[in-house]
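Working notes, structure below.
The values are calculated or read from the model by the stated rules, or taken from the named source; none is laboratory data. None of these values were measured; they are calculated from a predicted model. Every residue, glycine as well, gets a Cβ built from its backbone with ideal geometry; the counts of neighbours run over all protein chains shown. Surface areas here come from the heavy atoms of the whole protein model, side chains and all, with no ligands, DNA or RNA. Shrake-Rupley method; radii C 1.70, N 1.55, O 1.52, S 1.80 Å.
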Amino acid sequence: MINYNKMKNILQFCYLFLTTTSTFAYQQNQAALSGYIKDAKTGEPLIGATVQLEGTEIGAVTDINGFYQVKNISPRTYAIQASYIGYKTEVTYNIVIRSGGNPDVNFTLSEAAEELEGVVVVANPFEKLQETPLSVQRLSQEEIATYPGGNNDIAKVVQSLPGVGGSVGGFRNDVIIRGGAPNENVYYLDGIEIPNINHFSTQGSAGGPVGLLNVSFFEGVTLTTSSFGAQYDNVLSGVLQFDQRNGNNRNYQTNVRVSSSEAALTFEGPLFRKGKEQSNTSFIVSARRSYLQLLFQALDLPFLPDYWDYQYKVSHKIDAYNDLTITGVGSIDDFSVNVPDDFDEEQQATLDQLPIIRQWSTTAGVSWKKRFKNGTGFMTTALSTNILNNDFKQFDSPADEEGLYLANVSREQETKLRYAYTRFLEDWTLTGGAVVQNADYSNETDDIVNGFQFSSDLNFWRYGVYAQASRSFLGERLGLSGGFRVDGNSFTTTGNELLKTFSPRFSLSYQMDTKGKWTANASVGRYFKIPPYTILGFTDNADNFINKDAEYIQSDHLVAGVERLLNPTTRVTFEGFYKKYDNYPVSLVDSVSLANLGGDFSVLGNEPVASVGLGRTYGLEFLVQKKFTRHFYGILACTFYKSEYTAFDQGNYISSTWDNGTLLTFTGGYKFGNNWELSARMRYLGETPIAPVDQEATLASYPAIIRDYSRLGVLTLDSFNQTDLRIDKKWNLKGITLDVFLEFQNLFSQDTPSEPLFGLERDDEGQEITPRTLTEIEDISASSVLPTIGIVIDF
């Protein structure tokens with residue numbers, strides 16, 4: 001039934017938005033576009049390459065540094081074409097040219113296999129690497145920045161890619177890929193690994209409620225869900241690569257973003273320019289502050305999330321063949337409680353069970369890339385460190401922080417040295433490298449419910465080596481790639497038995513017609529992941545590391561599919577996948593595979609385990625993607641899959657908590673005239689299996705909630721379905737661009753499924769009734785529309 005009062009409020013909000021924005025004087029100003037064009041293999045600048053704005057006569061030619069600049073452009077959205085003799089012409093779509101604050105638009109061109117007079121070879125806009133010919137998606141800078149319902153949160157943006165689901169209710173940013181657990185993914189920021197991309201992260205897992213990366217930094221984001229290159233270690237389900245742009249090396253620029261929950265400032269420019277037109281050194285830095293806690297307090301909600309984050313990158317060109325990059329990201333999180341003024345049984349139960357989280361994290365790294373002078377390859381050396389400091393506590397009385405029943409105060413730090421070597425040998429591309437890292441972990445745990453009390457310190461070494469070879473045959477119609485890696489460590493019982501982690505992989509791509517419209521792709525590989533430090537660092541009350549026998553988790557992938565290019569900007573793909581798991585940790589406390597855990601605010605793996613679990617996920621995935629042309633862009637994806645794991649009985653596969661069965665996502669946008677844009681996102685996740693609450697055990701230990709994992713899947717949550725809408729309006733003033741956006745989350749007021757909530761029975765004054773009785777709190781509809789407004793200023 002339509003709530004007419006609610007619809008009236010929304011219409012009034014829209015009217016206010018439209019009338020407010022119309023008061024700005026519209027003034028169209030000219031804009032400029034610049035960037036660099038380089039060889040895709042060697043990274044060398046291409047001198048004399050041409051850039052043209054499609055549909056116009058406007059263009060430019062690159063100089064000796066591969067740099068181009070186009071001036072006197074009318075601000076709007078363009079497709080930009082870059083070309084060079086002997087190379088494939090490349091087109092980048094959906095480039096928004098503003099009157100102020102335009103980032104560089106860079107191109108990397110690949111050599112054409114054959115050069116025919118008068119024939120222009122255009123690169124596939126969905127082109128992929130030979131070692132990863134399928135199961136890969138890339139989002140552009142503009143698609144990330146204007147993503148509907150994401151609130152400028154990159155982790156939420158990723159959840160709408162093919163095969164990617166979220167946790168129950170869609171509240172958290174867990175990245176669940178093709179039925180795998182959220183801690184099976186790895187994240188890279190310009191080649192520097194970062195352990196997590198969320199605030200208030202679940203230690204031992206990966207999720208949290210809010211992303212900590214700034215979308216203003218990104219040139220693009222690439223997600224790979226199988227066929228991983230051999231350079232990536234510790235991955236079972238997905239690799240997320242965040243490509244940061246360099247700061248402007250000619251002028252200072254500023255980006256200010258204010259939304260419903262936070263404010264962010266990004267500043268960039270040249271360093272040490274000394275009167276030159278361009279500097280060899282540039283920087284980009286940002287800081288972001290949440291004021292969500294103020295909003296929650298005004299609404300009298302029982303929890304107050306408060307966070308800061310920062311991000312930076314410094315790029316230095318040493319000479320024509322050497323580049324140095326320094327990058328980092330960090331966060332400060334404080335999750336506190338707020339006692340509501342009026343008693344409400346749902347808020348009281350939530351308040352009872354809230355954890356107190358004080359957490360900070362940091363990642364910093366320096367990378368040196370050296371290109372060989374004869375153009376035969378390059379090498380990269382990276383040194384990085386990351387720290388997570390987690391103070392997680394739960395109390396009988398969270399408001400007073402009295403009655404401690406669970407404390408996990410821990411610190412984990414990794415220091416990594418990576419070396420990668422790439423060599424171009426005639427038609428072959430050969431890569432190899434190594435990584436060595438020191439892991440330092442400390443933990444003080446006091447778990448009254450399970451009887452664990454210990455203080456542990458763990459320091460050990462991890463290492464790995466890899467190699468991969470790739471080549472195209474038959475005039476680039478056939479692409480083959482094969483590689484392997486081995487990993488070891490100095491702590492676990494079998495950590496130095498490298499044959500146990502030997503992980504081969506092979507991929508194939510074949511263009512089935514001469515025009516490249518049809519392509520068949522396949523890959524097979526074995527991948528390994530070391531158990532989380534929370535597992536390895538767990539000790540019994542006598543300080544013995546009882547999980548030292550834990551094995552590397554193994555996952556074997558088999559993926560095959562076809563891709564059809566309907567036209568130069570639209571593709572259809574169909575893939576089938578199968579993932580088989582071995583050595584998955586199983587909890588000795590709850591007799592459940594840890595693959596089912598990690599999607600809540602807790603600590604994953606801080607308990608005794610046995611590496612005896614098996615698992616399998618398999619399914620079909622369908623995708624239609626259209627780049628921005630004729631005012632419209634869109635991605636439609638549907639995944640049908642099964643996800644199930646065993647505990648101690650290896651013959652009994654049980655549906656996992658990620659086994660939604662069906663994932664359906666659509667994201668698209670339409671750009672009208674006069675700089676108006678409408679974008680929408682729709683997500684559907686099938687029913688979610690959950691473990692019911694053991695009410696007798698929970699009553700004895702309340703407010704700790706005890707689940708009966710032997711009955712996992714007996715209960716299921718209803719399907720999740722949500723539609724979000726975003727309206728953008730841009731003004732291009734002199735040297736300044738103003739973007740005002742209005743978002744509607746859950747546009748059709750659909751109920752958000754949530755797990756049953758239990759609390760103590762209380763009287764009307766909120767006092768516990770004696771004897772204590774556990775009761776299920778009546779489910780309250782969570783079907784409201786959430787309208788928000790935000791402003792982005794570039795200058």
query = region 246-355: which trypsin sites (Lys or Arg not before Pro) are DSSP loop and have at most 11 other beta-carbon atoms within 10 angstrom?
reply = K274, K276
inquiry  = Suppose a student asked you for the relative contact order of region 651-795, using Cα pairs under 8 Å spaced at least 6 residues apart; what percent would you report?
reply    = 20 percent
inquiry  = Please list, ordered by chain and number, the residues whose modelled amide H lies under 5 Å from the amide H of S201; skip anything fewer than 5 residues away on the same chain.
reply    = none
inquiry  = For a Förster distance of 35 Å, can you work out the FRET efficiency between the beta-carbons of Q650 and L404, rounded to the nearest 0.05?
reply    = 0.35
message = Which trypsin sites (Lys or Arg not before Pro) in region 338-426 sit in a loop by DSSP (not H, G, I, E or B) and have at most 12 other Cβ atoms within 10 Å of their own Cβ?
response = K373
inquiry  = Can you list residues from other chains, or at least 5 along the same chain, whose modelled amide H is less than 5 Å from the amide H of F303?
reply    = N338
ask   = E551's amide H: which non-local residues (gap 5+, or another chain) put their own amide H closer than 5 Å, with H modeled 1.01 Å from N in plane and none for Pro or chain starts?
value = S611
key: Cubic angstrom per residue, convex hull over Cα atoms of region 700-795   = 193 Å³
request  = Restricting things to alpha carbons, find the Rg to Rh ratio for region 551-699 using the Kirkwood radius for Rh.
outcome  = 1.12
inquiry  = Let's see if you can work this out: charge +1 on each Lys and Arg Cβ, -1 on each Asp and Glu Cβ, no other charges. What is the dipole magnitude of the chain about its Cα centre, in debye to the nearest 20?
reply    = 4440 debye
ask   = What number, in percent, do you get for the relative contact order of region 648-711 if the mean sequence gap of Cα pairs under 8 Å and at least 6 apart is divided by its residue count?
value = 28 percent
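What translational D, rounded to a whole number of µm²/s, comes out for region 373-418 from Stokes-Einstein when the hydrodynamic radius is the Kirkwood one over Cα pairs, at 10 °C and 1.306 mPa s?
109 µm²/s
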query = Once fully extended, how much extra length lies between L786 and E277, figured as 0.36 nm per residue of separation less the alpha-carbon to alpha-carbon distance?
reply = 178.5 nm
query = Put a dot 7 Å past each Cα toward the Cβ at A364 and E54; how far apart are the dots in nm?
reply = 4.4 nm
ask   = What ratio of Cα Rg to 2.2 N^0.38 Å holds for region 556-639?
value = 1.65
message = Show me, for region 62-68, the HN-Hα J-couplings you get by feeding each phi into the Karplus relation (A = 6.51, B = -1.76, C = 1.60, θ = phi - 60°), rounded to Hz, glycine and proline as x.
response = 6, 8, 5, 9, x, 8, 10
note = For the chain the mean separation of alpha carbon contacts under 8 Å (6+ apart) over residue count, i.e. relative contact order in percent, is 11 percent
query = Put +1 on the Cβ of every Lys and Arg and -1 on every Asp and Glu Cβ in region 520-676; which of W676, F574, A522 then has its Cα farthest towards the positive end of the dipole?
reply = W676
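Per DSSP H run of at least 4 residues, take -39500 (n - 2.57); add these up for the chain, divide by its residues and hand me the 222 nm value, nearest 500 deg cm²/dmol.
Roughly -2000 deg cm²/dmol at 222 nm, from the helical runs in the chain.
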query = When the solvent-accessible surface of protein heavy atoms is calculated with a 1.4 angstrom probe, in what order do M512, M682 fall, highest first?
reply = M512, M682
Whole-number accessible area per residue in Å² for the chain, which is evaluated in the context of all protein chains at 1.4 Å = 42 Å²
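Mind giving me the FRET efficiency for I47 and L294? R0 is 60 Å, r the Cβ-Cβ distance, nearest 0.05 is fine.
Plugging the Cβ-Cβ distance into 1/(1 + (r/R0)^6) gives 0.65.
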inquiry  = Can you compute 3J(HN,Hα) from phi for each residue in region 302-312, using the Karplus curve 6.51 cos²θ - 1.76 cosθ + 1.60 with θ = phi - 60°, rounded to whole Hz and x for Gly and Pro?
reply    = x, 10, 10, x, 10, 8, 10, 8, 9, 7, 8
note = Under 11 Å by backbone N from the virtual spin label 7 Å along Cα-to-Cβ at V624, the residues of region 563-606 are 571-573
Fully extended contour minus Cα-Cα distance, from Y252 to F343, at 0.36 nm per residue = 27.5 nm
inquiry  = For region 435-581, I need the span (max minus min coordinate) of the C-alpha atoms along each principal axis, in Å, sorted largest to smallest.
reply    = 68, 32, 23
For region 482-498, 3J(HN,Hα) per residue [Karplus equation, 6.51 cos²θ - 1.76 cosθ + 1.60, θ = phi - 60°, Hz, x = Gly/Pro] = x, x, 7, 8, 10, 9, x, 8, 9, 10, 5, 4, 10, x, 9, 8, 5
query = Excluding same-chain residues fewer than 8 positions from K626, which lysines have a Cα within less than 17 Å of its Cα?
reply = K128, K517, K671
key: Solvent-accessible area, 1.4 Å probe, carbon plus sulfur percent, for the chain   = 56 percent
request  = Based on alpha-carbon positions alone, could you give the equivalent ellipsoid semi-axes of region 289-444 from the gyration tensor, as √(5λ), descending, whole Å?
outcome  = 48, 18, 12
ask   = Counting pairs of Cα atoms in the chain, how many percent are more than 39 Å apart?
value = 38 percent
note = In this structure, the FRET efficiency calculated for A320 and A113 from their beta-carbon separation, with R0 = 30 Å, to the nearest 0.05, is 0.65
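When the Cα atoms of region 426-492 are enclosed in a convex hull and the volume is divided per residue, what value in Å³ results?
Taking the convex hull of the Cα positions in region 426-492, it is 129 Å³ per residue.
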query = Quick one: putting +1 on the C-beta of Lys and Arg, -1 on the C-beta of Asp and Glu, what dipole do you get for region 143-243 around its Cα centre, in Debye to the nearest 20?
reply = 340 debye
ask   = K369: which lysines have alpha carbons under 21 Å from its alpha carbon, excluding same-chain residues fewer than 8 sequence positions away?
value = K38, K41, K313, K317, K416
ask   = What Kirkwood hydrodynamic radius do you get for region 632-716 when you take the inverse of the mean 1/r over all pairs of distinct Cα atoms, in Å?
value = 16.2 Å
query = If you stretched the chain out fully between F484 and T770, how much longer would it get, using 0.36 nm times the residue separation minus the C-alpha to C-alpha distance?
reply = 96.6 nm
Farthest toward positive dipole pole in region 300-435 [+1 Lys/Arg, -1 Asp/Glu at C-beta], among F372, N408, I326 = F372
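For region 185-322, report the % of Cα-Cα distances exceeding 24 Å.
46 percent
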